[in-house]
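First up is the structure itself, then whatever we jot down about it.
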Amino acid sequence: MNQHHESTGPAEEQQITLRGPAELADALPYLMGFHPSDSVVMVALHGGRGRFGGRLRLGIPEAPHEWPAVAEQLAECLIKGSERRGARPDAIVVFLCRDPAEGENGNQVMERLRPLAQNLRTACGALDVPVLEALCISDGRYWSYCCPDERCCPVEGNRMAMPGTSVMAAAAAYAGIQVRGTLREMEARLAPLATSAVAEQQRALDSAGAELIPKILDEVGREDVCRQTLDLVRRLMERLREAPTTTPSASDVDDDRLIGHDEAAAVILGLQDRETRDRAAEWMEGPEADCALRLWRALARRCVAPYEEHAAAPLTLAGWVSWSTGDEPGARVALGLALRADPHYTFAQLLHEACNQGLDPETLRRCLRGSRSARTAEQEQAVERTESPREERRARHRAVHPASTRRRKSLRGPVCPGPTSSRRRSGRTPSNRRGSRSG
């Protein structure tokens, strides 16, 4: 049996040692934050004690002919990403997680995925990083693709430990780490609606698309759509803030009820504009973050067929808010779904890579804060210019007409009737000169 050791934190913190495939298999949900069903998971190991480093997850490709290319991409992504963070992995652990199909057992799943495990081992070896262990987890059992000893790794597999009974489970509970259920359950919170409201939501998206897309393609109209979309987002966030939250599933249903079909369609179409989406990303921290996340999830659920690709924007925003607030598992799930909706969505690609590499989201938060501050300053200056046009006109008038000139002109202007009449009667002002000025 292969022995493995890993530390859950820095040297000054409590260290948890995992030994063998059984404890590795049990630790996987705590490493990811959920049970990664139907997934390839790769975890980098560093140092002689095999400290866990970067990790990545991908849904298992259905077509076996894609496995070699996918394995090469995953190996390169994990190893090069670790190098960019300053530490090349010394080894890698691979997990293949899939539940049996109807009429299939776990052992058959393990055998069916054996070529994929071999592809991953070969791809990592080609980059001079060995795969220390490769496990298949299926139907409550695990198998090792690396251990040939049937005394510890029998053909029928080993049964997984009871949930919550392992050393890793105890350490995770002590550290406050929670497993949120299965990947399938987390994805269901972001999946398109499957209720009787689908047809009505589709009609609302059709109508909003016909009205908003031509405006978005026009420079002046695009600014109007941006302003209207963000104003509507603010109102919806305030509406959600005032609504109490309960369990996740019940909260999702309540949020769906609070957002009208036309409102959801207008925001979904408005977020297809890049500038509007980037400004919406500024709701990423503090009290705004929770309401924004609830709204982006609800909008992702409203992207019903044939508008599934439009979900890339709200899903990416949901992933960004999750990552910004420290929820890396939720961020990876949302960003993975965004790339499934649109594999070429650049914002999702960048965030997904940064999240998987363990980068600090504060760099992007500072950038967005700076953009908001600069825009606020510009708006305040514009308001000041709008509120003081009279002062500006007076200033320009004073600059063009000096004070002495203004005084001379004031003497030649109309005067009060009384003094004028008296001067005329007295004969002090010649009538021809006065008349010439009057004429």
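The values are calculated or read from the model by the stated rules, or taken from the named source; none is laboratory data. Predicted model, so just to flag it, every value in this text is computed and none were measured. FYI the Cβ positions are ideal-geometry reconstructions off the backbone, even for glycines, and counts take in every protein chain you see. Heads up: the accessible areas ignore ligands, DNA and RNA and are worked out on the full protein's heavy atoms, side chains in. Shrake-Rupley method; radii C 1.70, N 1.55, O 1.52, S 1.80 Å.
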Sole residue being in a helix (DSSP H, G or I), open to solvent by 60 Å² or more (accessible area, probe 1.4 Å), out of contact with any Pro (no Cβ under 6 Å at 6 or more places or on another chain) and closer than 22 Å to Val333 by Cα, chosen from Glu76, Glu62: Glu76
Residue count for the range 347-370, restricted to those that are of a type in the set (S, T, N, Q), modelled with pLDDT of 90 or more and open to solvent by less than 80 Å² (accessible area, probe 1.4 Å): 1
Residue ranges of helices (runs of 4 or more DSSP H) in the range 194-291 with at least 3 members closer than 26 Å to His344 by Cα and open to solvent by 30 Å² or more (accessible area, probe 1.4 Å): 198-216, 219-242, 274-280
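Quick one: how many residues across the range 341-358 are more than 19 Å from Asp273 (Cα to Cα) and either touching a residue at least 40 places away in the same chain (Cβ under 8 Å) or among the acidic types (Asp, Glu) (or both)?
Here is the first cut: in the range 341-358, the residues more than 19 Å from Asp273 (Cα to Cα) are 352-358.
With the extra rule that they be either touching a residue at least 40 places away in the same chain (Cβ under 8 Å) or among the acidic types (Asp, Glu) (or both), the set shrinks to 353, 356-358.
Going through the range 341-358 one residue at a time, the tally reaches 4.
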Unmet requirement for Pro68, which otherwise passes all of (1) assigned to a loop (DSSP other than H, G, I, E, B); (2) in contact (Cβ under 8 Å) with a residue 24 or more places away in the chain: (1)
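Tell me, yes or no, whether the range 304-320 has at least one residue that is of a type in the set (Asp, Glu), surrounded by fewer than 18 Cβ atoms within 10 Å (Cβ to Cβ), without any contact (Cβ under 8 Å) to a residue 60 or more places away in the chain and closer than 22 Å to Ile216 by Cα.
Residues of the range 304-320 that are of a type in the set (Asp, Glu), as a first pass: 308-309.
So of that shortlist, the ones also surrounded by fewer than 18 Cβ atoms within 10 Å (Cβ to Cβ) come out as 308-309.
Restricting the remaining residues to those that are without any contact (Cβ under 8 Å) to a residue 60 or more places away in the chain gives 309.
So of that shortlist, the ones also closer than 22 Å to Ile216 by Cα come out as 309.
Yes, some residue in the range 304-320 is of a type in the set (Asp, Glu), surrounded by fewer than 18 Cβ atoms within 10 Å (Cβ to Cβ), without any contact (Cβ under 8 Å) to a residue 60 or more places away in the chain and closer than 22 Å to Ile216 by Cα.
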Asp99 being in contact with a strand residue (DSSP E or B) (Cβ under 8 Å, 6 or more places away or on another chain) and part of a loop (DSSP other than H, G, I, E, B): yes
